[in-house]
Amino acid sequence: MPVFICETCGCVENTAVSNYWSRGNGPALCSECDPEIGKWHGRFPKIPYSDDMMTDVLNPPAKKENG
Ligand SMILES: [Zn+2]
């Protein structure tokens, strides 16, 4: 299942357990930041995204240029 970065808290969330697709062009929100859900699902730990995760996300942050 694809994962994405929550625009509010910056954690990694899975599309299958949030309203990512049904939200359409709206902000990408994790289940906890989504007012319609309001709490973390608990399927996996809520962790902030970092570059060394080597995880493909749907909305990766802008790559930093070296130097
Ligand atoms: Zn969030």
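For the stretch 1-43, a crude dipole built from +1 on the beta carbon of Lys and Arg and -1 on the beta carbon of Asp and Glu, taken about the Cα centre, is about 100 debye to the nearest 20.
Each label point was placed 7 Å from the Cα along the Cα-to-Cβ direction; for T8 and M54 their separation is 3.2 nm. In sequence order, the stretch 48-59 has phi-based couplings of x, 5, 9, 4, 7, 5, 6, 10, 7, 10, 5, 10 Hz under the Karplus curve 6.51 cos²θ - 1.76 cosθ + 1.60, θ = phi - 60°, and Gly or Pro positions carry x. Label-to-label distance for E36 and W21 is 1.3 nm, based on points extended 7 Å past Cα in the beta-carbon direction.
In sequence order, the stretch 17-25 has phi-based couplings of 10, 9, 9, 3, 6, 5, 6, x, 8 Hz under the Karplus curve 6.51 cos²θ - 1.76 cosθ + 1.60, θ = phi - 60°, and Gly or Pro positions carry x.
Look at the alpha carbon pairs under 8 Å that are at least 6 residues apart: their mean separation over the length of the chain gives a relative contact order of 35 percent. Each residue of the stretch 30-38 was assigned a 3J(HN,Hα) from its phi angle through the Karplus expression (A = 6.51, B = -1.76, C = 1.60, θ = phi - 60°), giving 6, 4, 6, 7, 6, x, 6, 10, x Hz with x at Gly and Pro.
None of the figures in this text is laboratory data; all of them are computed from the coordinates on show. This one's a predicted model, so the numbers in the text were calculated from it and none came from an experiment. No Cβ is skipped: glycine too gets one built from the backbone with ideal geometry, and neighbour counts run over all protein chains shown.
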